[in-house]
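> Next up is a structure, given as structure tokens.
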Amino acid sequence: MKYAIETFDLTKRYGDFLAVDALNLRIDKNSIFGFLGPNGAGKTTTIKMLTCLIPPTSGTAEVAGYDIKKSPNEVRQKIGMVPQLVSLYGDLTARENAELCADYYGMPSELKESRIDELMELVDIKYAENKFVKQMSGGQKQKVSVVASLVHQPEILFLDEPTIGLDPTTKSVLWDLIEELNENGHTIILCSHDMYEVDLLCDHVGIIDQGLLAAFDTPQGLKDDILGDQKQTDDLNISEIMTEMEEKSEADLLSSFHDLKGSILEDEISNAREISIMISNLDDDMMQILESLPFVFEVTPHPSGRVVMNISNSEDAVTAVISVIIKNNGNITSISTQDPSLEDVFMKVTAKKEMGGE
Ligand SMILES: Nc1ncnc2c1ncn2[C@@H]1O[C@H](COP(=O)(O)OP(=O)(O)O)[C@@H](O)[C@H]1O
Ligand SMILES: [Mg+2]
């Protein structure tokens, strides 16, 4: 088995409605995979097919080396699932729920009890083991759900929006747990709307939109892609501007830059990125120079000497801003740039489709 999960044109229709459209996905063994997408994109439907809760309309998938159509029972033995809506028995205690799951998988009783103890301690719910689930808080239920899903030591764990509605502390307990499970060799499939969570935990991310896989990469790869895309839309030739700067007088330049700035496209400005530079000898002259640069759209000075600028998102804009400052005897003490977030990637990838695709 090469991958933990491999899908082959995995498709689900509900009547006429195509919920998952010929999905081809490969998830590495022992990785944490983040599954993102707007509401109704097909995430839960995909997970339900991969966990053999519903059959695909066409196509198939291999999960832990077994075909979901031919060997659903083998697949079930290899996977654990923390569903979007906690599905525990309210009239049973936390421990009884976990025991029930262990019995379902036919675990021998000595192993069962020690495994439940171990997991309850791991997620810190042992103190409430004899509490009825219906009397528990959302976070406590979620922890019991995690224990129940892990009792049979599944190779692959599916978590469908597991931290939704949890307080920050419980969230971070779950994040630690996910990392720990992964270190112990489990593959994790994490559906989430929490971009911070996905960025923090996941090795690879798939973005599904209207049943189609719209993007698949590492979180950093997706973010770098956005920068790459935007570079291509860049109309400003910054190196030309820089050469011009070498040749012309300062006064001439400032007025010609002023004209150029007026003609810059909306598009250019909306693709701007932020750079923040600390200049220890920042003065009005320097501010005026920075403001006049055509590839600098907005300049906000702070009393500390830090200037936050929105600059053109092109390869050489950062270099150009820095060299202009140095050329004018500015003393730079620190620089930081604001790179795109996974949220930016999500918005971009899913917006494309709504506009009719590209
Ligand atoms: N049992 C069902 N019958 C009909 N349509 C469904 C059913 N389950 C889900 N859908 C539809 O399929 C689409 C994908 O749903 P789902 O997989 O739950 O999305 P997600 O988990 O990404 O929010 C939605 O438009 C949803 O309304
Ligand atoms: Mg869902």
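> Contour minus end-to-end for Glu244 and Thr337, with contour as 0.36 nm per residue of separation and end-to-end as the Cα-Cα distance?
Values: separation 93, 0.36 × 93 = 33.48 nm, distance 2.57 nm.
Taking Glu244 through Thr337 to full extension adds about 30.9 nm, to one decimal.
> Another question, if that's okay. Inverting the mean 1/r over all pairs of different Cα atoms, compute the Kirkwood radius of the chain and quote it in Å. Could you put the intermediate results ahead of the total?
On the way: mean 1/r = 0.0423 Å⁻¹.
One over the average 1/r among Cα pairs gives 23.6 Å for the chain.
> May I pose another question? In deg cm²/dmol, rounded to 500, what helix-only [θ] at 222 nm does the chain give when every DSSP H run of at least 4 residues adds -39500 (n - 2.57) and the total is split over its residues? Can you show the working numbers first?
Working: 14 runs with 152 residues, N = 358.
It comes out at -13000 deg cm²/dmol, rounded to the nearest 500.
> Compute the orientation-averaged projected area for the range 81-180 from the convex hull of its Cα atoms and round it to one decimal in nm².
Numbers: hull surface 23.1 nm².
About 5.8 nm², averaged over all directions.
> Using DSSP to define loop residues, name the GluC sites (Glu not before Pro) in the range 268-303 whose beta-carbon has at most 12 other beta-carbon atoms within 10 Å. List each step's numbers first, then the result.
Values: sites: Glu268, Glu274, Glu291, Glu298; in loops: none.
For GluC sites (Glu not before Pro) across the range 268-303 that sit outside H, G, I, E and B with at most 12 neighbouring Cβ atoms in 10 Å, the list is empty.
> Another question, if that's okay. Okay, which of the range 179-216 sit inside 13 Å, backbone N to the point 7 Å along the Cα-Cβ direction of Gln153?
Within reach of a label on Gln153: 184-186.
> For the chain, calculate the relative contact order in percent as a whole number, restricting contacts to Cα pairs under 8 Å that are 6 or more residues apart. Don't skip to the end; give the middle numbers.
On the way: 609 pairs, mean separation 60.6, N = 358.
Across the chain, relative contact order equals 17 percent.
> Here's a follow-up. Which of the pairs Lys29/Lys143; Lys78/Lys112; Lys143/Lys223; Lys2/Lys70 have their Cα atoms more than 21 Å apart in this structure? If you can, show how the numbers build up before the last one.
Details: Lys29/Lys143 25 Å; Lys78/Lys112 17 Å; Lys143/Lys223 32 Å; Lys2/Lys70 18 Å.
Beyond 21 Å between Cα atoms: Lys29/Lys143; Lys143/Lys223.
> Hey, another quick one. Quick check: the angle from helix 342-354's long axis to the longest principal axis of the chain, C-alpha only, nearest 10 degrees?
Between the helix axis and the principal axis of the chain, the angle is about 90 degrees.
> Ok, one more. Run through all the Cα pairs of the range 110-169 and give the fraction in each 5 Å bin from 0, expressed as whole percent.
Reading upward from the zero bin: 4, 17, 28, 25, 18, 7, 1, 0.
Any read-out appearing in this document is the output of simple, stated calculations on the displayed coordinates, not a laboratory observation. Given the structure is predicted, the values throughout are model-derived calculations rather than measurements. Note: ideal-geometry Cβ built from the backbone for every residue, glycine included; neighbour counts use all protein chains shown.
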